[in-house]
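I have placed the structure first, in the form of structure tokens, so that the comments after it can refer back to it.
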């Protein structure tokens, strides 16, 4: 017979480090509050700030859409595209970009919240999501303003904070033994 390890009295983080799941929260009980290391907590707020700046960047682009439309009209040399067609397309594109930014920000906040609780897979997703976002921006619509660059910089700083050696223990690897 195997010896069962006594896990009573351990925190959820200590249980995760041993490869076990956190204690279940029963109905009527309050969930334990996570106490992340300072870099992880700062990272969460940087994800939030970067998300707000990203949304503001596309709101700003939408508010100055006439300048964006003028750029596209000047850059289009094909006579089969009228300025009205270009204006309609650019307006639609800007609305889609704003909607996409909102979706990405909501995903960033969801996974940043989970990472703040110590979920290693959330940190991994937060590593991949900004790359996907940048690739989409660069390939679908290379419309970037200074606010978009500021948001990307905030995301990079937030990501670096989550990979500092001082917080490595907060994101434990899953144990191999069940």
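Just a few scattered comments:
- Positions within the stretch 162-178 being within 17 Å of residue 128 (Cβ to Cβ) and modelled with pLDDT of 90 or more, in sequence order: 162, 163
- A count restricted to the stretch 15-40 and to residues that are surrounded by 15 or more Cβ atoms within 10 Å (Cβ to Cβ) and modelled with pLDDT of 80 or more stands at 4.
- Residue 72 vs. criteria touching a helix residue (DSSP H, G or I) at 6+ places or on another chain (Cβ under 7 Å), surrounded by 12 or more Cβ atoms within 10 Å (Cβ to Cβ) and either within 27 Å of residue 18 (Cα to Cα) or at pLDDT below 90 (or both): yes
- Single unsatisfied condition, residue 136 versus (1) loosely packed, with under 15 Cβ neighbours inside 10 Å; (2) within 27 Å of residue 60 (Cβ to Cβ); (3) within 10 Å of the chain's Cα centre (by Cα): (3)
- Residue check, residue 77 surrounded by fewer than 17 Cβ atoms within 10 Å (Cβ to Cβ) and outside any helix (DSSP H, G or I): yes
- Flag if residue 150 is under 11 Å from the mean Cα position of the chain (by Cα) and in a helix (DSSP H, G or I): no
- Reported count of residues in the stretch 21-56, each being closer than 21 Å to residue 160 by Cβ and assigned to a helix (DSSP H, G or I), is 17.
- The stretch 87-120, residues that are surrounded by 19 or more Cβ atoms within 10 Å (Cβ to Cβ), over 15 Å from the mean Cα position of the chain (by Cα) and part of a helix (DSSP H, G or I): 90, 94, 97
- In the set (1) in a helix (DSSP H, G or I); (2) under 15 Å from residue 55 (Cα atoms); (3) at pLDDT below 85, residue 144 fails one condition alone, (1).
- The residues on offer are 92, 148, and the sole one that is out of contact with any helix residue (DSSP H, G or I) (no Cβ under 9 Å at 6 or more places or on another chain) and closer than 25 Å to residue 67 by Cα is 92.
The values are calculated or read from the model by the stated rules, or taken from the named source; none is laboratory data. Owing to the predicted nature of the structure, the values given are computational and were not obtained by experimental measurement. When we count neighbours, we look across all protein chains shown, and the Cβ atoms used for this are built from the backbone with ideal geometry, even at glycine.
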